[in-house]
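Peer 1: Sharing a structure below in structure tokens format, with a few things to ask.
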Amino acid sequence: MDPQLDAPPTAHSWLGPPIDARPLFVPEHAALIATLRGLTPDDWGREAVPGWSVRDVVAHVLGDCYGRLARHRDGHQEAGREAGREGGREAGREGLREGRRDGLREGRRDGHREGRRDGHREGRRDGHREGPAFAPGEDLPAYIHRINQQWVDAHSRVSPAALTDTLELIGGQVARLFAESDPVAPSLGVSWAGADPAPMWLDSARELTEYWTHRQQIRHATGQGTDPDPRVLSVVLDTFLRALPHTLCDIAAPAGTQVRIHVTGPGGGMWTATAGRGWTATAGRGWTATAGRGWTATAGGAWTVTAGGAWTATATDGGDWSMAHTADGQPAALVRLDAETAWRLCVRGIEPADALTRAEIEGDRQLAEAACRIVSVVY
């Protein structure tokens, strides 16, 4: 399988060549079900992530599958989910990175159950039940943590066998949905890559990493190591490393500066982000237009468009990192990691400080440390 698509340049070209994860969903789903069928009764109660057992993680994966079918196959609109997308846009880069750890990995029950009751209650509109609403003052990560925990708690009465049977059915439908998807169609945003909306190729690749990561958590909890199959691992790592430009978005560097992450071993590779130029154009009366990954324009009062006047354009260094440029020459910073450290870092299975102790670094230490702040999950 060629994991990269031949696709025309798009507005998301700064993310690098599109990834084709579609052929991997069916075998990944089969691997998950095989793993679950091989568990002992005691295995289901083992802690997979802090606060969640193996059974809890499986219930969570089932919830993800139902949500994906509802939104993408059935066109089901859930008020809370739409609010979540809007909340994500307003939260901004720092809001998405701060706060408690993602309920996909580390949901702690007490933290998810706190908050005002009114904000947690499902509402009704026109006689129809709405999805869970945002609680007062709740940002997107906290909202996600809470509704994930609510779903897991609601399935506490479901047996492991029933969970597995249901996931085999519903997860199989999701795998087929992705296998037949249009990779260049607009889809759900991927906040940790700075893309909203994201192209389907990135959304689907992100979803594959979710299923793969949860399967590894189950394997680790039950005494098994990470699945070494390089076919899937290479796509997972390729997807995770697309967060590199967004990770560096606040780092100012001269245009052309390159930061490279080299993941060694089977499934590894090299990913390079290059600093570009952000252009600012100004004219009288407070007009500003900024070209980066997208154009934005602002003005106070009533909008008018007039000919004439003098415009000034200024190129500024930093803030516009891209993976679309050719990775040539010696990078300003090179971080070399083994595959196990790399994927665990991206999902915060280990902290950046720990990853740095295992890394080989060449060049600018500060740029290398900035690259190791990469996060490829909502965090």
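Peer 1: May I ask you to say which residue of L69, L32, L24 is at pLDDT 95 or above, farther than 19 Å from Y143 by Cα and more than 19 Å from the chain's Cα centre (by Cα)?
Peer 2: Result: L32 is the single residue among L69, L32, L24 that is at pLDDT 95 or above, farther than 19 Å from Y143 by Cα and more than 19 Å from the chain's Cα centre (by Cα).
Peer 1: So if I check each of R344, R336, R348, which one is open to solvent by less than 20 Å² (accessible area, probe 1.4 Å) and basic (K, R)?
Peer 2: Checking each option against the conditions leaves just R348.
Peer 1: While we're on this one: Do we have A355 as touching a strand residue (DSSP E or B) at 6+ places or on another chain (Cβ under 6 Å), of a type outside the set (D, E, K, R), without any contact (Cβ under 8 Å) to a residue 40 or more places away in the chain and more than 29 Å from A11 (Cβ to Cβ) here? Don't jump to the end; show me each part of the working.
Peer 2: On the way: touching a strand residue (DSSP E or B) at 6+ places or on another chain (Cβ under 6 Å): no; of a type outside the set (D, E, K, R): yes; without any contact (Cβ under 8 Å) to a residue 40 or more places away in the chain: yes; more than 29 Å from A11 (Cβ to Cβ): yes.
The answer is no for A355.
Peer 1: While we're here: Kindly indicate whether W343 is modelled with pLDDT of 80 or more, of a type in the set (F, W, Y), out of contact with any Ser or Thr (no Cβ under 9 Å at 6 or more places or on another chain) and under 30 Å from D229 (Cβ atoms).
Peer 2: Considered against the rule, which asks whether it is modelled with pLDDT of 80 or more, of a type in the set (F, W, Y), out of contact with any Ser or Thr (no Cβ under 9 Å at 6 or more places or on another chain) and under 30 Å from D229 (Cβ atoms), W343 comes out as no.
Peer 1: Further question on the same structure: If you go through region 231-250 one residue at a time, do you hit one that is open to solvent by less than 40 Å² (accessible area, probe 1.4 Å) and over 29 Å from G276 (Cβ atoms)?
Peer 2: For region 231-250, residues open to solvent by less than 40 Å² (accessible area, probe 1.4 Å) and over 29 Å from G276 (Cβ atoms): present.
Peer 1: If I filter region 177-197 down to residues being touching a Phe, Trp or Tyr at 6+ places or on another chain (Cβ under 8 Å) and part of a helix (DSSP H, G or I), which single residue comes out as least open to solvent (accessible area, probe 1.4 Å)?
Peer 2: Keep residues of region 177-197 that are touching a Phe, Trp or Tyr at 6+ places or on another chain (Cβ under 8 Å), which gives 178-179, 183-184, 192.
From the residues that got through so far, the ones that are part of a helix (DSSP H, G or I) too are 178-179, 192.
Numbers: F178: 2, A179: 45, W192: 18 Å².
That would be F178.
Peer 1: Any residue that is open to solvent by 60 Å² or more (accessible area, probe 1.4 Å) and either aliphatic (A, V, I, L, M) or under 20 Å from the mean Cα position of the chain (by Cα) (or both) - is there at least one of those in region 355-372?
Peer 2: no
Peer 1: Looking at (1) modelled with pLDDT under 90; (2) open to solvent by less than 40 Å² (accessible area, probe 1.4 Å), can you tell me which one L62 breaks?
Peer 2: (1)
Peer 1: Residue pairs, Cβ under 7 Å, 6 or more apart or interchain, first in region 178-197 and closer than 19 Å to V347 by Cβ, second crowded, with 22+ Cβ neighbours inside 10 Å and among the acidic types (D, E). List them.
Peer 2: So the pair list comes out as L188/D203; V190/D203.
Peer 1: Quick check, is H214 buried (at least 18 other Cβ atoms within 10 Å of the Cβ), at pLDDT 95 or above and under 25 Å from the mean Cα position of the chain (by Cα)?
Peer 2: On the way: buried (at least 18 other Cβ atoms within 10 Å of the Cβ): yes; at pLDDT 95 or above: yes; under 25 Å from the mean Cα position of the chain (by Cα): yes.
So H214 fits the description; yes.
The values are calculated or read from the model by the stated rules, or taken from the named source; none is laboratory data. This one's a predicted model, so the numbers in the text were calculated from it and none came from an experiment. Here the Cβ is made from the backbone with ideal geometry for all residues, glycine too, and neighbour counts use every protein chain on show. Areas reflect the complete protein model, heavy atoms only, side chains present, ligands, DNA and RNA absent. Shrake-Rupley method; radii C 1.70, N 1.55, O 1.52, S 1.80 Å.
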